Each structure stands twice: as structure tokens, then as C-alpha cells.
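Q: Below: one structure in C-alpha cells.
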Amino acid sequence: MQTLTLGPITIDRIVELERWPFAPAEMFPDITDEQVTAALRSLGEEHVDPRGRRIVLGIQTYLVRAPGLTVLLDTGNGNDKHRPALRAHHMFHTAYLDRLRARGVRPDDIDVVVSTHLHPDHCGWNTRLSGDTWVPTFPNARYLFARDEFAPLEASFESRPEDPLAADLARTFEDSVLPVVKAGQAAVVDTPHTILSAGDVRITMRSAPGHTRGHVVVEIEAGGRYAVAAGDVIHHPLQFADLDLAQGGDHDRARAAATRRELCEWCVDHDAVVLTAHFAGPGVGRIVRAGDGYRFAWPES
């Protein structure tokens, strides 16, 4: 992805992991062999590994530089995070912060961090290890959490769940959210929430529930042009062929499917650039109509 410019705003993709493969049923429990074959045929090897027929994702975040404000949308999985049940998230060691610096931004330069939701691969770099202590990675930032997302995870953490998956999510709160709260850098907000409004520039958190109870998207507007950070509303471009196809982590499948449709409609109506969290390859593009449905159009399409 080249730097995207919307008026006075620039947006850069900061990649944590280029290729993150999953068995199809691990990612989408109801997927069929026919859907995997169709995805390989239509999307190619960048998105479906033809040898193992594995679904290929990536992990990426977005650096938004607006006049007077530098914002990081999601923070990826993070290094050294102990996730014994969620093995795909366990003990990463990536050069994510070096990639951020390569875009001319140090951790100290980030003013605002937004979590679309609090799954491990969207808030992990909120913190880093300093010795044996988790500390905020971005020491000058205000970290924004949607109230409907924060409250259930905080309650789960306090309940000390025994279920392995729930325990890993509680660990996520403990090592990736709680240190930010203790440092006085957290702001728990109701949505919609305006991050920036200056002239014709607006950055807004909006509710987009389904994948999690309090999931949000982040809309960016400047000069009548739009971009949206979609988080986990949609995980892989094969879902455009079946917007009802649930991802394994969806909290409410019906609501998640409805939110995917709403996102598609909004993006088409606003000709918005979509900043995906997990699409392999360039990661960004536009949603366009295709018959009665939609497809994803990369910049070269």
C-alpha cells in the first residue's frame, strides 16, 4: 500500500504479519470445500494456499496523520503475549515497532490509539514488556475503548474464567488493557465518539457489533472523501460471496452478518477506501456492487 491521502490526512498501513494461514474450518466453521475451491479460483494463491488449501490472512494496523493529531488504528497482536489456548496468537516476535519507525513515527509520537475491539490481535501492541512488567507502548497516547467492548472483558477478567479460551481473553485484558488503565491513559467512551473534528476533517468511532458486542469501525472523512477501518467486521475477501458466512470468533452471528451488509452498503454509498485488518496482499481497496451482492476491488482492479 502506498500512502493514502485524503485532503490533509495521510494513512499508512503498518504490517505486523504478512501471511497468517488457517485451516478453512478453523477460520469459518461452516465453510464448504466448494467455497474454498471457488475462493482459490477467484482470489488466487495470495488469499488461499493451493497446497494446504489454507485460508491466508495477514495482520495490519493503520497510522493516520491528521493536522495536529497522530492516530494508530488497532495495534496488532504484540510480542511476548502468552496465549496457551489461542495458539495462533501465542508468543509473537515481530519487528512491528521498527516498521512503524520506518514510516517516520516513534511510539512517543502517537497521540491516540483506537481499538476496534479487544481480541488479542487488535490490542496486543498496546503494551510491551519492560523487564517483567507490561507497560504502555505509546507513552503519550490516549487509548480509546468503546464502553460496550471494555465492560464485558473487564467483567470476564475479574471473574477469573476457567474455560481456556475465555482465560486467554482475560489474559488479553490483563496484559494489553489493564496496564494502560493503571497508567491513566485509557478513555472508555460511548459510541459514536468523535476523535477529531476540524473543518471538513472528521475521525469517528462508530458501533459495528456482531463480531464482538462492542466492536467499532473508524470512519475518516476529509474533503468529502472517506476511508473506514473495518476491524473484524469482515476477515477475508471470500466472505463477499456469502456475507452470512460466520467467522469462528463471531459473538453474534446474525448481528455480525447484518453489520457486514451495512458496512458494504455504507462503503458503496460513500465510495470509501476500506482499511482491512486481515486481508492478505495490499490490504486496502473498495467494496463495489457485483450483481445482487458485492466484491472487493483492490487498487489495481
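What follows draws every value from the coordinates through simple rules; no lab data is involved. Not measured: the values here are computed from a predicted model. FYI the Cβ positions are ideal-geometry reconstructions off the backbone, even for glycines, and counts take in every protein chain you see.
Q: Using the 2.2 N^0.38 Å rule of thumb for compact globular proteins, work out how the stretch 1-125 stacks up: its C-alpha Rg over that value, please.
A: Its radius of gyration relative to the 2.2 N^0.38 Å reference: 1.21.
Q: Also: In Å and from the alpha-carbon atoms only, list the Rg and Dmax of the stretch 4-297.
A: Here Rg and the maximum Cα pair distance are 18.1, 55 Å.
Q: If you take every residue apart from residue 114 with its C-beta less than 12 Å away from the C-beta of residue 114, what net charge results, scoring Lys and Arg +1 and Asp and Glu -1?
A: -2
Q: How are the C-alpha pair distances of the stretch 154-231 spread across 5 Å bins, as whole percents from the shortest bin up?
A: For the stretch 154-231, the binned pair fractions read 3, 13, 16, 18, 19, 14, 8, 5, 3, 1, 0 percent.
Q: Something else about it: Report ³J(HN,Hα) in whole Hz for each residue of the stretch 121-132, in order, from the Karplus equation J = 6.51 cos²θ - 1.76 cosθ + 1.60 where θ = phi - 60°; Gly and Pro get x.
A: Computed from phi, the couplings for the stretch 121-132 are 8, 10, 9, x, 7, 4, 9, 9, 7, 10, x, 10 Hz.
Q: Give me the percent of Cα-Cα pairs in the stretch 76-138 that sit more than 17 Å apart, rounded to a whole number.
A: Percent of Cα pairs beyond 17 Å in the stretch 76-138: 42.
Q: For the chain, modelled as a GNM with alpha-carbon contacts under 10 angstrom, which of 262, 34, 154 fluctuates the most?
A: It is 34.
Q: Once you wrap a convex hull around the alpha carbon atoms of the stretch 127-178, what is its projected area averaged over all directions, in nm²?
A: With every direction weighted equally, the projected area is 4.1 nm².
Q: Let me ask something additional. Taking R0 as 51 Å, what's the FRET efficiency between residue 80 and residue 292 from their Cβ-Cβ distance, rounded to 0.05?
A: Result of the calculation: an efficiency of 0.65.
Q: Please give the calculated 222 nm ellipticity per residue for the chain, where each DSSP H segment of at least 4 residues contributes -39500 (n - 2.57) and the sum is spread over every residue; nearest 500 deg cm²/dmol?
A: -6500 deg cm²/dmol
Q: Mind putting a number on the dipole of the chain about its Cα centre? Charges go on the C-beta only, +1 for Lys and Arg and -1 for Asp and Glu, and I need it in Debye to the nearest 20.
A: Using only the charged Cβ atoms, the result is roughly 540 debye.
Q: Turning to a different aspect of this structure: Net charge near residue 16, counting Lys/Arg +1 and Asp/Glu -1 over other residues with Cβ under 10 Å of its Cβ?
A: Residues close to residue 16 contribute a combined charge of -2.
Q: Please compute one quarter of the surface area of the Cα convex hull for the stretch 106-209 and express it in square nanometres.
A: That works out to 7.6 nm², a quarter of the Cα hull's surface.
Q: So, one more: Only Cα pairs under 8 Å and at least 6 apart count here; give the relative contact order of the chain as a rounded whole percent.
A: Once normalised by length, the contact order is 16 percent.
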